[in-house]
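Here's the structure, in structure tokens; my notes come after.
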Amino acid sequence: MSWGEAHGIAMIAAAHAHEDLKVRRDDYVDVFAALRAAGVEVMAQKLGPLLGLYVAADDHGPACLLNTGLAETDLRHTLAHELGHHVLGHGTTLDHDADRRWGRWGEDWPEHEKAAEAFASWFLMPLPAVRAACARIGVQRPSDPAEVYQIARWLGTPYATTVRHLVRVKSIGGAVERRWAGIAPAGLKSLLAHGCGFSSRAHVHTLGPGAHEGHARVGTGDLLWLDFPGTWDAVPRGLTCEDPFDGAQLPWGEAGFDGGRALWVTEDLDTTSALTATAGGGETFRITVSPTPRRRGSDHFWPS
């Protein structure tokens, strides 16, 4: 099976799964909720080099085991991959880091792994969701890798996986994909952070006018940057305007470099919160932020 054939199968299977599991196709896809709807138990724990495990019904499943050492976006992609095994009727399967590294595809993969990997992309990034994410950052299609990084934030997907999928939905060409796929997200985050500090595993969320009324999923240490002249209004618990990396208080209401446009997510953000900002022209900007829960143990005990 070629990768093209795998994607042809996966695109149709993912569309049917969206319908069967009542998943919205024009927004961030909650793959954890989809697994619950599919009747698949999920457990998360440290697994060393193992990314995940799908246990088929014949082996007392269906169930999935995830590696808590992965970043949230990689957890989501791995779980969508395991859901692909389930939807496509595969047997029990181990997915090792040595076999499937983010950003690298191999023509020598087994057919069932190609199909599950392609399914993960189509399940998490259906075309309506890609278009909605582009609208959130104010573009019809990305013109540089930093825009792909921003699209990936709205989709909750790894950067390199997002680059590859944008070729499939005809948002970028193959030559562009080959140039962009190898770019390290760390450099893109530095560009988008406007000199503000952030940790290596944190994300930078650039919020322009198109993000108004959007819903961002954020983790501890993430940076929210208001990408237009304006200032954040009252900041709820779990968010701070004080840079945790140098202790400096950002100037509120001032024009220029920062102008009160940066917020950091702290470990105290434990519930969905509404944020508002006032733009330079007096318009109100609103966004909802939700913390990504810690994935440990059985999914029965994870926050929804």
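The overall shape of segment 128-187 is oblate: from the C-alpha gyration tensor, with semi-axes ordered a ≥ b ≥ c, the ratio a/c is 1.5 or greater and a/b is no larger than b/c.
Quick one: if the Förster radius is 35 Å, what FRET efficiency do LEU94 and GLU5 give, using the C-beta to C-beta distance and rounding to 0.05? Spell out each step's value before the answer.
Values: r = 23 Å, r/R0 = 0.67.
Once the sixth-power term is evaluated, E becomes 0.90.
Relative to the first principal axis of the alpha-carbon coordinates of the chain, what is the inclination of helix 145-155, with its axis defined by its Cα atoms, in degrees from 0 to 90 and to the nearest 10? Compared with the principal axis, the helix lies near 70 degrees.
For ASP144 and ALA193, what does the FRET efficiency come to when R0 = 22 Å and r is the distance between their Cβ atoms, rounded to the nearest 0.05? The pair ASP144/ALA193 has a calculated efficiency of 0.85.
Counting only Cβ charges, +1 for Lys and Arg and -1 for Asp and Glu, the dipole size of segment 128-187 around its Cα centre is about 180 debye.
Rounded, prolate or oblate: which fits segment 1-126 when a ≥ b ≥ c are the square roots of the eigenvalues of the alpha-carbon gyration tensor, with rounded for a/c under 1.5 and prolate only if a/b beats b/c? Verdict is rounded for segment 1-126.
Taking every DSSP beta bridge that has both residues in the chain, what percent is antiparallel when rounded to the nearest 5? The antiparallel proportion sits near 65 percent. Within the chain, the ratio Rg/Rh, alpha carbon atoms throughout and Rh by Kirkwood, equals 0.97.
Rounded to the nearest 5, what % of the DSSP beta bridges within segment 193-291 are antiparallel ones?
Approximately 60 percent, going by the DSSP bridge assignments.
Since every read-out is calculated from the coordinates, none of them should be taken as a lab result. Values in this document were obtained by computation on a predicted structure and should not be read as measured data. A quick note on method: Cβ atoms are made from the backbone with ideal geometry, for glycine too, and the neighbour counts reach across all protein chains shown.
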